[in-house]
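Student: First the structure, which I've put down as structure tokens, then a few questions once you've had a look.
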Protein chains: 2
Amino acid sequence: MGAPPGYRPSAWVHLLHQLPRADFQLRPVPSGFAPQEQEYQQALLLVAALAGLGLGLSLIFIAVYLIRFCCCRPPEPPGAKSPPPGGGCVTWSCIAALLVGCAGIGIGFYGNSETSDGVSQLSSALLHANHTLSAIDHLVLEMVERLDEAVRTELTTLEEVLVQRLELVAAARGARRQAEAVAQQLQALAFWRGVPLSPLQVAEDVSFVEEYRWLAYVLLLLLELLVCLFTLLGLAKQSKWLVIVMTVMSLLVLVLSWGSMGLEAATAVGLSDFCSSPDTYILNLTQEETGLSSDILNYYFLCNQAVSNPFQQRLTLSQRALANIHSQLQGLEREAVPQFPSAQKPLLSLEETLNVTEGDFHQLVALLHCRGLHKDYGAALRGLCEDALEGLLFLLLFSLLSAGALATALCSLPRAWALFPPRNPSASCSGSHLSEPLLRARLEPEPPPRSFPGCRRRPH
Amino acid sequence: MGAPPGYRPSAWVHLLHQLPRADFQLRPVPSGFAPQEQEYQQALLLVAALAGLGLGLSLIFIAVYLIRFCCCRPPEPPGAKSPPPGGGCVTWSCIAALLVGCAGIGIGFYGNSETSDGVSQLSSALLHANHTLSAIDHLVLEMVERLDEAVRTELTTLEEVLVQRLELVAAARGARRQAEAVAQQLQALAFWRGVPLSPLQVAEDVSFVEEYRWLAYVLLLLLELLVCLFTLLGLAKQSKWLVIVMTVMSLLVLVLSWGSMGLEAATAVGLSDFCSSPDTYILNLTQEETGLSSDILNYYFLCNQAVSNPFQQRLTLSQRALANIHSQLQGLEREAVPQFPSAQKPLLSLEETLNVTEGDFHQLVALLHCRGLHKDYGAALRGLCEDALEGLLFLLLFSLLSAGALATALCSLPRAWALFPPRNPSASCSGSHLSEPLLRARLEPEPPPRSFPGCRRRPH
């Protein structure tokens with residue numbers, strides 16, 4: 001009942017968390033999140049290295065394919081102008097690959113925005129938490145100052161006015177002691193004061209890194225989109241130089257895609273390990289960074305019935321002391337005011353201060369309760385482990401699709417380009433050259449070409 | 001300081017909110033959100049009707065274009081087999097339109113998921129609020145039961161034990177009166193008990209409607225995707241029947257697109273009016289539905305320094321009464337236990353009950369504070385007015401793009417189809433017929449055809 005429904009690891013987290021991990025000597029590594037341990041770092045580096053292996057294999061495959069295509073094709077009879085068979089198939093497979101790449105780019109944009117959403121949810125939760133923590137500090141400071149001020153001015157005035165009746169002075173002194181005790185109890189409640197860790201700073205750092213990550217992905221996606229579109233344009237226009245430039249660019253984007261895939265895979269695996277049981281890791285890390293007692297951290301990070309409020313004792317004592325001050329002031333009002341009318345003004349002012357302090361006390365109780373901060377913690381985890389991880393998986397899918405599409409395009413482009421006819425200035429005004437290799441490929445089984453310029457084939 | 005940073009209307013809300021509105025007599029209508037007023041309903045219907053006007057105009061345009069194309073083309077010389085000029089342009093424009101439609105479908109999927117995200121944020125905020133409200137009810141019930149039980153059993157036992165000393169019985173009676181007063185004060189704090197409005201029910205209704213809305217859009221998007229892909233296939237295969245079926249389907253999807261555009265535009269305009277100043281409308285609606293006092297609703301919906309906690313008085317009184325009970329029990333322990341050892345057991349049990357009640361009281365203070373519920377309110381507004389509205393605008397863009405693309409495709413398809421050659425069984429095995437109308441179009445300026453079957457044109 002205490003805490004609202006919190007964070008549950010998703011199916012993706014479970015799935016990724018169950019993948020086996022190994023270090024550089026291929027010994028199995030436990031899949032608990034431990035980024036400071038060398039073995040675990042090696043396991044993540046190995047995941048990233050798999051992408052490097054994929055890049056190497058696909059480069060070798062492309063090289064072998066192209067060398068075989070260049071060197072081992074059957075020798076053409078000299079003067080024969082017929083292109084090799086399968087030209088249409090080559091161009092169409094290149095176009096299909098580029099379209100798959102474009103679909104992948106769409107998925108990449110979605111994944112990038114999803115990851116960005118998740119991370120911004122994380123930093124907004126951190127900002128909320130920072131707001132709550134600094135509100136507690138501020139409120140405690142305000143209450144303590146108000147009580148000190150009341151003790152210094154009104155209670156001193158009251159004691160001076162009542163100096164003739166010792167039992168009334170004793171009551172006023174009692175109220176002073178209680179007020180001082182409350183101020184002392186309250187000061188111990190500002191538990192985040194002097195803690196070297198600032199959620200605001202963490203949120204700013206996270207936003208800063210995320211901004212550049214987002215921008216880098218947008219640039220990569222735009223680069224790949226431009227490469228796809230200009231390659232399609234090059235094929236349509238049969239422009240050799242454009243296709244050559246785009247082949248080189250495709251190679252570059254292929255390397256970038258595999259590189260980003262390695263980063264994404266390692267991050268996704270690490271994130272899944274973190275997300276499968278984040279509480280322990282976060283508890284230990286926060287305890288190291290802040291030096292706060294584990295009572296307080298358990299209370300805020302777990303926030304269930306089993307963990308009692310570590311401020312309960314202090315809050316109850318403060319509350320009782322405030323109630324006692326109130327009854328002492330009421331007693332003074334009954335006893336002293338008829339005899340010392342000048343005591344009424346400081347008494348009323350004290351009661352007013354007490355009322356305001358009691359209102360602030362309720363606000364402090366609300367701020368100190370684990371619900372608010374635990375909800376921020378849950379929102380941060382959901383942002384990171386649901387939205388950001390989901391976005392990361394979409395980015396992984398984008399990298400996979402684009403690596404496949406670019407490898408296919410790199411295999412097909414030089415072959416498609418070899419099919420281009422030499423430039424004919426008189427025909428270059430028309431924009432629909434795309435059709436020629438296809439048509440030629442289709443006509444291949446027919447008798448060898450004869451030169452009838454200007455004639456065309458009709459299908460009927 | 002009291003509330004975390006809340007909801008601010010976005011630039012889109014301001015932009016849409018500033019558009020002029022008019023009723024059916026074209027008199028201007030103020031843009032405040034008032035869905036129960038007939039004028040405002042008329043203004044929204046008029047916005048939706050604009051899409052109907054757009055549909056009508058585009059249908060008339062398509063009809064005029066096609067009639068002009070069918071009836072007014074120059075008479076062909078009998079026996080001439082040359083297709084009309086511009087065939088390649090027609091096919092390419094059709095393909096470009098369909099690709100734009102596909103890009104629009106991608107945008108539509110994104111917008112649909114964004115809207116769904118926003119609405120699920122709204123219902124999760126409602127569930128959170130429901131959790132808080134029922135936790136307050138539950139906690140109050142528990143505290144009142146515990147106090148009643150203590151009054152019935154331990155305090156009665158205590159009075160029976162102390163019956164010989166009247167001043168001690170009076171102290172116990174005082175504690176009983178205070179406990180009964182606390183129970184009474186607490187019962188008045190369960191402000192949501194008996195309120196006919198259940199946030200859970202609202203969340204379930206919203207999720208139910210959203211599920212069907214999401215499904216309807218996914219079906220529309222898939223239908224349009226299928227129409228685009230099969231039309232492209234029909235053009236590539238030059239299959240007349242496929243193109244005819246897809247032309248009819250395109251017409252259907254065009255009507256659906258304009259219809260959804262009307263719905264989206266009216267919803268976006270209404271939502272922007274709601275989102276530009278939601279507090280007043282929500283306050284009035286909740287007051288009507290729940291009958292709660294405006295103090296309480298203002299406190300939760302505004303939650304700023306200007307609105308004081310309406311439960312402050314009751315909380316302070318309860319807190320003082322609890323502190324008084326505590327000091328009375330301590331007095332009894334000092335006075336009575338040496339004389340009546342059998343009083344110790346009920347006294348200890350009462351103190352234990354008091355401690356638990358004070359702990360629960362702090363939790364109740366935290367639950368009643370406006371921070372939690374106001375944060376849910378802010379999250380619900382952000383879900384509806386940021387994510388859902390943004391998604392709706394993406395869906396509007398999708399509808400616009402798809403309406404434009406389908407209208408262009410509907411103009412081009414019959415012309416492209418008229419260019420298809422009659423079926424030639426011997427050539428139907430090849431998949432790349434797409435090139436023929438283009439090639440023919442490109443060759444158009446050349447001399448009239450001569451029949452050299454099997455010859456082909458070479459560009460050099």
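Student: From the Cα trace of chain B, what convex hull volume per residue do you get, rounded to a whole Å³?
Tutor: Working: hull volume 99.4 nm³, N = 460.
So the per-residue Cα hull volume is 216 Å³.
Student: Still on this structure, please answer the following. Take the Cα of B:Gln312, step 7 Å along the line toward its Cβ, and report every residue of the range A:344-372 whose backbone nitrogen sits under 19 Å from that point.
Tutor: A:348-368
Student: From the phi angles alone, apply the Karplus equation (6.51, -1.76, 1.60; θ = phi - 60°) to the range A:214-223 and give each ³J(HN,Hα) in whole Hz, x where the residue is Gly or Pro.
Tutor: Each residue's phi maps through the Karplus curve to give 4, 4, 4, 5, 4, 5, 4, 5, 5, 4 Hz.
Student: Within the protein assembly as shown, how many lysine pairs that are 8 or more places apart, or on different chains, have C-alpha atoms less than 25 Å apart? Intermediate values should be presented prior to the final figure.
Tutor: Numbers: A:Lys81/A:Lys237; A:Lys81/A:Lys240; A:Lys237/B:Lys237; A:Lys375/B:Lys375; B:Lys81/B:Lys237; B:Lys81/B:Lys240.
Taking the Cα cut-off of 25 Å, the pair count is 6.
Student: Amide H neighbours of B:Ala22 under 5 Å, counting only residues 5+ apart in sequence or on other chains, H built in-plane at 1.01 Å?
Tutor: B:Val29
Student: Label position 7 Å from Cα toward Cβ: report the copy-to-copy distances for A:Gln287 in nm, one decimal, ordered from shortest.
Tutor: Taking the point 7 Å beyond Cα along Cα→Cβ, the inter-copy spacings are 5.2 nm.
Student: Hey, what do the phi angles of the range A:146-161 turn into as Karplus ³J(HN,Hα) couplings, whole Hz, using 6.51/-1.76/1.60 and θ = phi - 60°, x for Gly and Pro?
Tutor: 5, 5, 4, 4, 4, 5, 5, 9, 5, 5, 5, 4, 4, 4, 5, 5
Student: Given R₀ = 41 Å, what would the calculated FRET efficiency be for B:Leu53 paired with B:Gln201, taking r from the Cβ atoms and rounding to 0.05? Write down the numbers at each step before the final one.
Tutor: On the way: r = 39 Å, r/R0 = 0.94.
With a Förster radius of 41 Å, E is 0.60.
Student: With each label point set 7 Å from Cα along the Cα-Cβ vector, what nm distance links A:Ile244 and A:His138?
Tutor: A separation of 6.6 nm, rounded to one decimal place.
Student: I've got another one for you. Treating the angle as unsigned and between 0 and 90°, give the value, to the nearest 10°, between the Cα long axis of helix A:370-382 and the longest Cα principal axis of chain A.
Tutor: 10
Student: Also, I was wondering about something else. Under a point-charge model restricted to the Cβ atoms of Lys and Arg (+1) and Asp and Glu (-1), what is the dipole moment magnitude of chain B relative to its Cα centre, in debye to the nearest 20?
Tutor: Numbers: 31 positive and 40 negative charges, 670 e Å.
Around 3220 debye, computed over chain B.
Student: Here is a follow-up. Total Å² of accessible surface buried at the A-B contact, 1.4 Å probe, nearest 100?
Tutor: Working: alone 24970 and 24980 Å², together 43450 Å².
That pair of chains buries around 6500 Å² in total.
Student: Which semi-axes, in whole Å and largest first, does the equivalent ellipsoid of the range A:218-309 have when worked out from the alpha carbon gyration tensor as the square roots of 5 times its eigenvalues?
Tutor: Details: eigenvalues 572, 26, 20 Å².
Ellipsoid half-lengths, sorted descending, are 53, 11, 10 Å.
Student: Could you work out [θ]222 nm for chain B from helices alone, using -39500 (n - 2.57) per DSSP H run of at least four and dividing by all its residues? Round to the nearest 500 deg cm²/dmol. Show your work: numbers first, answer last.
Tutor: Working: 14 runs with 334 residues, N = 460.
After summing the helix terms and dividing by the residues of chain B, the value is -25500 deg cm²/dmol.
Student: Same structure, new question: What ³J(HN,Hα) values, in whole Hz, does the Karplus curve 6.51 cos²θ - 1.76 cosθ + 1.60 give for the range B:102-115 when θ = phi - 60°, with x put for Gly and Pro?
Tutor: Calculated HN-Hα couplings, in order: 5, 4, x, 5, x, 4, x, 4, 4, x, 5, 6, 5, 4 Hz.
Student: Now, a different point. Taking DSSP loops as anything outside H, G, I, E and B, show the longest stretch in chain A free of trypsin sites (Lys or Arg not before Pro) there with at most 15 other beta carbons within 10 Å.
Tutor: On the way: sites that count: A:Lys81, A:Arg165, A:Arg193, A:Arg423, A:Arg450.
The longest such stretch corresponds to A:194-422.
Student: Where does the range B:77-199 land on the Kirkwood hydrodynamic radius, alpha-carbon pairs, in angstrom?
Tutor: Working: mean 1/r = 0.0457 Å⁻¹.
Result for the range B:77-199, one decimal place: 21.9 Å.
Student: With bins 10 Å wide starting at 0, give me the P(r) of the protein assembly as shown over every alpha carbon pair, in whole percents.
Tutor: Values per bin, smallest distances first: 2, 9, 15, 16, 15, 13, 10, 7, 5, 4, 2, 1, 0, 0.
The values are calculated or read from the model by the stated rules, or taken from the named source; none is laboratory data. Remember, it's a predicted structure, so these values are computed and weren't measured experimentally. All Cβ positions, even for glycine, are placed from backbone atoms using ideal geometry, and neighbour counts span all protein chains on display. Remember, those area values only see protein heavy atoms, side chains included, never the ligands or the DNA or RNA. Shrake-Rupley method; radii C 1.70, N 1.55, O 1.52, S 1.80 Å.
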